[in-house]
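The values are calculated or read from the model by the stated rules, or taken from the named source; none is laboratory data. It should be emphasised that the depicted structure is a prediction, and the values quoted were computed from it without experimental measurement. Using ideal geometry, Cβ is built from the backbone for each residue, glycine included, and neighbour counts are taken over all protein chains shown. Just so you know, the surface numbers come from the protein's heavy atoms only, side chains and all, with ligands and any DNA or RNA stripped out. Shrake-Rupley method; radii C 1.70, N 1.55, O 1.52, S 1.80 Å.
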Amino acid sequence: MDTNIGAKERVTQNRLIGLFKNVLKYTCLGNWETREGNANIEETLLTAYLSRRGYTDKEIRSAIAKFKQAANSLGGGLYNANKEVYTLLRYGVNVQAEVTEKKKMVHLIDWANPMENDFQIAEEVTIQGESDRRPDLVVYVNGIALAVIELKRSTVSAHEGIRQNIRNQQDGYIPRFFTTIQLLFAGNDTEGLHYGVIKTPEKFWLRWKEPCGEPCKPSRFTAEEYPNELDRSVLQFFEPARLLEYIHDFIIFDGGIKKAARPNQYFAVKAAQPRICKKQNGIIWHSQGSGKSLTMIWLARWIRENVSDARVVIITDRDELDKQIESGFKDAGEQIQRAKSGGKLIEMLNAAEPWLICTLIHKFGNKNDGDAISVGNKKASKSLDLYLEELAKSLPADFRAKGDVYVFVDECHRTQGGMLHEAMKHIMGDDVMLIGFTGTPLLHTDKKKSIETFGSYIHSYKFNEAVEDGVILDLRYEARNVEQYLGKREKIDEWFDAKTRGVSSVARAALKERWAKMEKLFSSKERIDRIVADICQDMSTKRALAGGYGNAMLVADSIYQACRYWEVFQSTELKGHCAVVTSYDASTDCFSCTLRCVRGHCCNLIWLRNYC
């Protein structure tokens, strides 16, 4: 039983200070509540570290001056200042005095050798601003404030600490202090440790959760030894090597938004790293909505920085996904090149640059194939050997994919097997490593084919885990019985008998057949109206739907029927929140169409139908 539950905030804070000092071996700087001149860059501590690293006094003064200038520059906003500081922390400060001099970088943190740095913690750090604030705990590395922790007693929600962190960043408080802060934390003894970065809205803060066992190595700080979740999470996250690794490899500035990796993203990349070193193929299965695109970015960056002559090729099977991948990497500051044709792809692979490429699986086909080859090889008119032989003839004589190639296959359950997949491996080379990404529930046959093609699972993040973590919404199915006919059957039969009295049996049968068709047509219209009315009622009365927290899915039996639903929705309060989205693959014998109907900012009407 955890005896810390119910303890006062001061007791919790004292306990954590003890863990930092005695277990993690941080230097305790003491209580800085009344200390004058507290700042996010403690110049004395930073100077001592840089002197120990062998930099000259002139280099140290120049580096600290440039670093403080970046940290104090809020003219472009907190995001831009924080981004500039992060760049200096990660890559170093250029102290080159003259253009003609050799470039000289002063590295403020030794990322490669974590234990060569000075890890420090101070409590009750009073920061002066328009409104003075006092964060509970501030973590310094070499005198640079990198993390803030706000603690609450167990009877007060950790979200109070989150809101406190958010408020302190705002104008009128102490935004200048947060220019060097890379991670923000809030927690208590009952809700564990929550974290975010600057400008992270409250609903997007994450809760740290460490998995046990393979494929990730279990932490040395176990639940058996540390039953209190807050204690355990603090020890796991702030272990010196983990803290620096996370800041170096798992923070991203993505199109104006700073983001930190979710636990599932962090441990997926960590699980993939030893497989990459062995070039052992595998699958990363993460539930839809769990951030696979960002996982790709972090993994691609790690490969680029840790594997000599590495190149990453990202394969999708749809043009919109290819564009999405390109946009995502560019927003994160990566210079990805999109191969829009097979010839361009071969040209890129045959050169040493670019190191990062995205393209479609179809670009690996022979230009003379026409419609003979389809993804999945459902209707291949050629043998694989003949296909590869013709493909080889179409390549330049000196062709060889340059570099150490790693291939990410998005939605890998759809691009497994088949001639295009074999052509991809043939073009890339025998030693290419394949990593499949998917979040689609696999049928038994799909699962077997995926594992045969890409290897065993590298990491998985299941649907129920994502729901539990609040990453995605749960699914709820409700069967509805909607009346199929116009009014009561006995009344309709009575009316029909009265109208056909005296008519011959042959004519009566013909009329009845015609009436059945008319009845089906009219009842279909009425049925659609009833279904739409039922959905509109749910959207107004169901708690999750009315509050904008849930989506609804409607399944129809044809494209025509889906469009009719859309037309009826246009006369309801859901007008403007509905859209018809269809996808059709003309190269196969089946197609799927999707129509979404939701409530809120991203409301759509969903309809799914497959013809095979």
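Annotation: per residue accessible area for segment 278-347 equals 42 Å², rounded to a whole number [probe 1.4 Å, protein chains only]. For segment 253-356, the share of alpha carbon pairs falling in successive 10 Å distance bins from zero is 13, 44, 37, 6 percent.
Divide the volume of the convex hull around the Cα atoms of segment 59-119 by the residue count and you get 106 Å³ per residue.
With the highest mean first, a sort of the peptides 299-305, 102-108 on other beta-carbon atoms found within 10 angstrom per residue produces 299-305, 102-108. Beyond 24 Å in Cα-Cα separation lie the following of the pairs Lys270/Lys462; Lys258/Lys323; Lys203/Lys292; Lys340/Lys462: Lys340/Lys462.
Spatially, segment 130-167 and segment 72-115 are offset by 25 Å when compared through their Cα centroids.
Each of the peptides 147-155, 422-430 was scored by the mean count of other Cβ atoms within 10 Å over its residues; in descending order, highest first, they stand as 147-155, 422-430. Summing +1 for each Lys or Arg and -1 for each Asp or Glu among the other residues whose beta-carbon sits under 10 angstrom from that of Leu294 gives +2. Local charge for Asn165 was computed over the other residues whose Cβ lies under 13 Å away, with Lys and Arg +1 and Asp and Glu -1, and equals +2. Here the peptides 395-405, 128-138 are ranked by packing, the mean other Cβ count within 10 Å, and the order with the highest first is 128-138, 395-405. Amide H contacts under 5 Å for Gln337: Leu356, Ile357, Cys358, restricted to partners 5 or more places along the chain or on a different chain, H placed in the peptide plane at 1.01 Å from N. Heavy atoms of the protein chains alone define the surface here; on that basis segment 1-118 has 57 Å² accessible area per residue at 1.4 Å probe size.
Assuming charge only on the beta carbon of Lys and Arg (+1) and of Asp and Glu (-1), the dipole of segment 21-94 about its Cα centre is about 300 debye to the nearest 20. Summing charges over neighbours of Glu33, with a neighbour being any other residue whose Cβ is under 13 Å away from its Cβ, gives -1 when K and R count +1 and D and E count -1. Between Phe238, Phe253, Ala268, the Cα set farthest toward the positive side of the dipole of segment 222-272 (charges on each charged residue's Cβ, about the Cα centre) is that of Phe253. Taking the Cα atoms of segment 212-314, the ratio Rg/Rh between the radius of gyration and the Kirkwood radius comes to 0.98. Working from Cα pairs under 8 Å separated by at least six residues, relative contact order for segment 1-93 is 14 percent. Note on segment 43-197: semi-axes of the ellipsoid equivalent to its C-alpha gyration tensor, largest first and rounded to whole Å, are 31, 17, 13. Dipole size of segment 104-143 about its Cα centre, with +1 on Lys/Arg Cβ and -1 on Asp/Glu Cβ: approximately 180 debye, rounded to the nearest 20. Note on segment 116-209: dipole from Cβ charges, positive end direction compared against Tyr140, Leu206, Leu184; the farthest Cα belongs to Leu206. Computed over segment 54-133, relative contact order equals 21 percent, with contacts defined as Cα pairs under 8 Å that lie 6+ residues apart. Using C-alpha pairs below 8 Å separated by at least 6 residues, the relative contact order for segment 246-322 is 25 percent.
Please report, as a whole percent, how much of the solvent-accessible surface of segment 127-268 comes from carbon and sulfur atoms (probe radius 1.4 Å). Walk me through the numbers before you get to the answer.
On the way: 2370 of 4980 Å².
Carbon with sulfur: 47 percent of the solvent-accessible area.
For segment 169-252, applying the loop criterion from DSSP together with a ceiling of 10 other beta carbons within 10 Å to the GluC sites (Glu not before Pro) yields Glu224, Glu225. When Thr541, Thr200 are compared by accessible area at a 1.4 angstrom probe, the order from most to least is Thr541, Thr200.
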